[in-house]
Structures are given as C-alpha cells and as structure tokens.
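Please treat every number below as a calculation from the coordinates, not as lab data. Here the structure is a predicted model, which means the values were calculated and not measured. Positions of Cβ are generated from backbone atoms using ideal geometry, with glycine treated the same way; all protein chains shown enter the neighbour counts.
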Amino acid sequence: MDVTRSQVHAFRLRRHHLDRPASRADLVAVVRDTCGVQAQVPSAAALALRARVRGLRPEDVRRALEEDRSLARGWTVRYAIHLIPAEDFLLYARALAGRARRSLGWFARRKASVEQVEAMILAIADALEDGPLTRRGLADRVVARFGEGARRRVEHSWGGLVVDAGLRGLVCFGPDRGNGITFASRRRWLPDVQEYAEDEAGAILLRRYLRAFGPATRQDFQRWAEVPMADVDRTWAVVAEGIVEVRTGGRAGWACREDLRALRARPPTAPVVRLLPSFDPYLLGHRDKSHLVDAAHYKRVYRKAGWLSPVVLVGGRCAGVWSYRKAGDRIDLRVEPFWRLSQATRDGIGAEADDIGRFLGGDVGVRHAKPS
C-alpha cells in the first residue's frame, strides 16, 4: 500500500494526541498511546503531556505519580527515564529484558564478579522494602552489606546498579522530596502490576510502537528501544501476520494491519501547530529524522550529547525551535523559525504559548526571531 507523507504525519499526530488533545481523565491512556514520555527532565515531560491533554495541570501529573500511582517513572527504552502507565511497568521490563542480560555481560568483560553484581542488585531491592530512599540513603544500606567499595555502584552519576535493578522491574522512582528524587521497591510501590512472559511483552510493545510511530522499520524499532537486533528479529516474527508493508515516497515501512484505514485518511487542510518540549516522544521514534526536519536544520534540533531542542511543530514537521524564561509571573517565550511562517502558524504559536502560560502560571510574551 502507498500513502503520502502528509497522510503519515496526520496518522502519527492523531496517535500522539497532538491533533486533538485528550481530556484530563485520559492522561494514562495518552501516556500509553505515546509509548511513554521521556522524563530525564521532569519539566519537559510535563510540557509534553500539556501538549496532548487539554487543561492539564502540573498537579495532575504529580497526583498520578505519587497519590493515585496510575503513572510510574522508571528506566525503559534507550535506558532513559520515562513516565509510563503503572500497570505496564513489568510489560516494559520483560519486553526489554535483553538489555539486562547485556548489562551483565558488560560487567563480566570488565572482570567484575557477576555473582556479586547480582547480589548487589537484589540488595538494592531489599533495602527499599521498608520505604522509598534517596540515592545516598540507598547507597548507605548497600555499603553496610558490601563495604565502601559498593558506594560507587549505587551513586554513579548515570544510575549505576540502580538502573539495572530498574531494568529488571525491581525498582522504580518514588515520591520527590523537595528537589531530590527517591527510589522505591516496585513490589511495594506498585503492588498490583501484571506479570508478562518476555516474548508476549515484546510483541505487545512492538505493536504499540507501530500504532504510535508506524510505518516504521526494524531498524527504527531497534534504535527507539535500544535492544539487541536478535531480540527485534524474534519479536518481529511473532507479530508478522498482523503487520503489512506500507510505502511512503519510495521508502518501505511496516504498520499494523488494523491501522491501514486510518493511514489512508485524508489529512487536515489546516496544519496542526504545537510547541513541543525537549525530548518529546514524537521526535524520538525513528532512526532517520528526515521526515521531521530538513538536513540544514538537523543540528539545531538534535544537538550534541543527545540533547534535543524544543520545537515548533507544524503539520508534523519541525518549523523552528523555541525557548522560554520565567521570572515571577512573567514568561518570555522566544521562537526561532527556520523559514517565514504564515499568519495562521503564528496564530497557532500564540495559542500554544497562552496555554503554556496557563500551565506554568504566568503571563506570556512571544518574540519571533528572523528566520535562519
């Protein structure tokens, strides 16, 4: 089947709830449909949800994480911290289990004792049975069992063995304490999470990925999930009967058979305008980003060391970048377009800026730089 690039953009915008934001009651469904929201920077994760959920407030996100516990925060695809539905916590852990095995190989190649590493991971989970702990508090518990040399394994700036415990579904993030984070026992913090077999979980996650980011290739999925290609091939074979090849501009990808009608739908006449934050999931689904941003502007969006700029999204493509500064009740929002924007697009940016002001609690002033 052949579809146009505009049809693909419209399909993905719908699946990411960017064409028509969902209600606040559907917050968890939005997070599920986008296959998680990257949350290394919590404020960026909240702004990504703001773009998808009508009238969302920061308090709604905090309540879902800490009171209702309908959302959870943990390490999922690309080893990155994500917000995911709490009920899916073990779905991600089992679907991405190949990374945990690869991590043990990493320790073995550095002549670390696999048995000791396993013991430390279990000790991290055990230490959290009495309640959430800060990283320092968690490290103190582990050091009490294994000696001071274990501290660097827990307090490592990239997460250390706490990440490995998270990848296995043993540890998640607990409630924030001021500006600090805590870790919690998944068994205690999220006690009613469904268990999955590895192959079953992988197939579910791949289908969800294709429903959010399709048409896509095996290489796209491998880059998005960052799992061994052998795992991708095995999972792809499991879902093969339910997916079909789709061609766009001479390029082949794959989509769920049930989504063919939605892919054929006529795109809207007026392009959707959204201000997406850094690390927005819409920008991270594919290996090749040419469908999102022109080569001339690529490095302004996808920056060094894995950082992404907040983008002005127009009709599914990056039309510029933006930034803001908040001082008291004043928010100065600056737009740097890649080309001359139409008045309709500028009006759309203004509406988005007003909603960001509502979300952050301030009066917004928008400045447009010259196209560059």
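Miscellaneous remarks
- Exposed GluC sites (Glu not before Pro) absent: longest stretch of the chain, with sites in DSSP loops and at most 11 other Cβ within 10 Å deemed exposed: 196-372
- Kirkwood Rh and Cα Rg combined as Rg/Rh, the range 241-356: 1.03
- Net charge dipole, the range 123-257: roughly 400 debye, given to the nearest 20, about the Cα centre with Cβ charges of +1 for Lys and Arg and -1 for Asp and Glu.
- Distances between placed amide hydrogens fall under 5 Å for residue 71 paired with 65, 86, all partners being 5 or more residues away or on another chain.
- Relative contact order for the range 289-368: 24 percent, from Cα pairs under 8 Å spaced at least 6 residues apart, divided by residue count.
- Inter-label distance, nm, simple model (7 Å from Cα along the C-beta direction), residue 67/residue 241: 4.6 nm
- Net charge of neighbours whose Cβ lies under 15 Å from the Cβ of residue 334, counting Lys and Arg as +1 and Asp and Glu as -1: +4
- Residue 181-residue 101 FRET efficiency (beta carbon distance; Förster radius 25 Å; 0.05 resolution): 0.40
- Helix 5-15 and the long axis of the chain differ in direction by around 50°, with both axes built from C-alpha atoms.
- Cα-based helix-to-principal-axis angle, 97-109 vs the chain, degrees rounded to 10: 60 degrees
- By definition, a body whose alpha carbon gyration tensor gives a ≥ b ≥ c is oblate when a/c is 1.5 or more and a/b is not larger than b/c, and the range 289-368 fits this oblate description.
- Nearest-ten-degree value, helix 135-146 long axis tilted from longest Cα axis of the chain: 30 degrees
- Where only DSSP H runs of four or more residues are counted, the chain gives -12500 deg cm²/dmol as its mean residue ellipticity at 222 nm, each run worth -39500 (n - 2.57).
- Put simply, the range 92-189 fits an ellipsoid with semi-axes of 21, 17, 11 Å; these come from the alpha carbon gyration tensor as the roots of five times its eigenvalues, largest first.
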